[in-house]
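Report on one structure; see the data block that follows.
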Amino acid sequence: MPTATGTVPALIQPTKRGEIFVLDRRTGRPIKPVREIQVPRGGAPGDRPSPTQPFSVGMPAFRGPDLREADMWGLTPIDQMVCRILFRHSDYQGPFTLIGLGTPTIVQPGYGGGIDHGAISVDADRGIMIVPAMNLSTRSQLLTRAEANKRGLKLEPVHGAANTMNPMMNTPYGAANGPFTSFLGVPCTPPAYATMNAVDLRTGRVVWTRPFGTAADTGPLGIRSHLPITMGVPFSGGAITTRGGITFIAASMEQAIRAYDVSTGRELWKARLPAGGQATPMTYRAPRSGRQMLVIATGGKPTLKTTLGARLIAYALPNSRRDYR
């Protein structure tokens, strides 16, 4: 990793909290400053929460802004009002608000992150880190074991939607979880719900940020709007960054794969996929032609309501960046 005094072997650890920790790979010590900051107390009986938690203050955080009732969002005044009522009847004290019994808790970022399993990618030559980040809240509540048993909570296969009831058998509690949305299935927080970001690893500053994904394949009540409006929609998957200074990513609820210029964030290319590209692309050089190939698995994901499939899609990349259009 480039620093003011040279290059240091580093470990970069992104988290669902949206925090990114940069550690010296030899010693485990932070390269970018980390500070213990006081966090909310509370939780359920039996919890032993720490009064502080580590925050990577030397790097940008991708957890979204702290929520306020005035910021609740909706497609109509009615569902916006519902979201404000839900917010008022929830516990939210900022990052690390603990989930307890009784009042539901708003968790921001939600269980998808922040930065999800797709993690980050790095252009080592340019010293730029690419961060696909999500800003989507969840609303969670613990249930006593007796209440969880009374409701008949059990693990079931997921077909088309998230299993929002979690029995957590053989523990003191069960849990009810789900996206923080209105009755239309629209998030109660404003877009963008997903962004592509570039961070200068030397300075720790954001170079550019762009909303990621259009509303074409999503909409209220799960009905596809077919609107090509770039608003940043939820995703699951990661990006790959090539030495040519290009980042490729599918992942989004919009069933498409894209190429971005690492230095500027400009979208260079986009192609429609036959199913959800909830995966991280890979690249290789074809042995006979020598052409660089890009491959993405299009399996879809029920919780994102993308089309399910079972195909690997391969693209032959152009020889020059100018040829992407």
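Any residue at all in the stretch 66-73 that is in contact with a strand residue (DSSP E or B) (Cβ under 8 Å, 6 or more places away or on another chain) and within 28 Å of residue 102 (Cβ to Cβ)? Yes, the stretch 66-73 contains a residue that is in contact with a strand residue (DSSP E or B) (Cβ under 8 Å, 6 or more places away or on another chain) and within 28 Å of residue 102 (Cβ to Cβ). Note on the stretch 241-255: among residues that are of a type outside the set (Lys, Arg) and surrounded by fewer than 18 Cβ atoms within 10 Å (Cβ to Cβ), the one that is nearest to residue 120 (Cα to Cα) is 242. The strands (runs of 3 or more DSSP E) located wholly in the stretch 256-325 include none with 3 or more residues which are over 25 Å from residue 216 (Cβ atoms) and under 18 Å from the mean Cα position of the chain (by Cα). Residues that are in contact (Cβ under 8 Å) with a residue 60 or more places away in the chain and surrounded by fewer than 16 Cβ atoms within 10 Å (Cβ to Cβ): does the stretch 134-153 have at least one? Checked against the condition, which is being in contact (Cβ under 8 Å) with a residue 60 or more places away in the chain and surrounded by fewer than 16 Cβ atoms within 10 Å (Cβ to Cβ), the stretch 134-153 yields no hits at all. Scanning the stretch 13-42 for residues that are of a type in the set (Val, Ile, Thr) and open to solvent by less than 40 Å² (accessible area, probe 1.4 Å) yields 15, 20, 22, 39.
So for the stretch 69-78 (the condition being under 25 Å from residue 116 (Cα atoms), loosely packed, with under 15 Cβ neighbours inside 10 Å and either in contact with a His (Cβ under 9 Å, 6 or more places away or on another chain) or modelled with pLDDT of 95 or more (or both)), does at least one residue qualify? Looking through the stretch 69-78, none of the residues is under 25 Å from residue 116 (Cα atoms), loosely packed, with under 15 Cβ neighbours inside 10 Å and either in contact with a His (Cβ under 9 Å, 6 or more places away or on another chain) or modelled with pLDDT of 95 or more (or both). Taking each residue of the stretch 170-185 that is open to solvent by 30 Å² or more (accessible area, probe 1.4 Å) and looking for partners that are modelled with pLDDT under 90 and part of a strand (DSSP E or B) with beta-carbon atoms closer than 9 Å, six or more apart or interchain, yields 177/165; 177/166.
The values are calculated or read from the model by the stated rules, or taken from the named source; none is laboratory data. Here the structure is a predicted model, which is why all the values come from computation and not from measurement. Don't worry about glycine lacking a Cβ; one is built from the backbone with ideal geometry, like all the others, and counts go over all protein chains shown. Remember, those area values only see protein heavy atoms, side chains included, never the ligands or the DNA or RNA. Shrake-Rupley method; radii C 1.70, N 1.55, O 1.52, S 1.80 Å.
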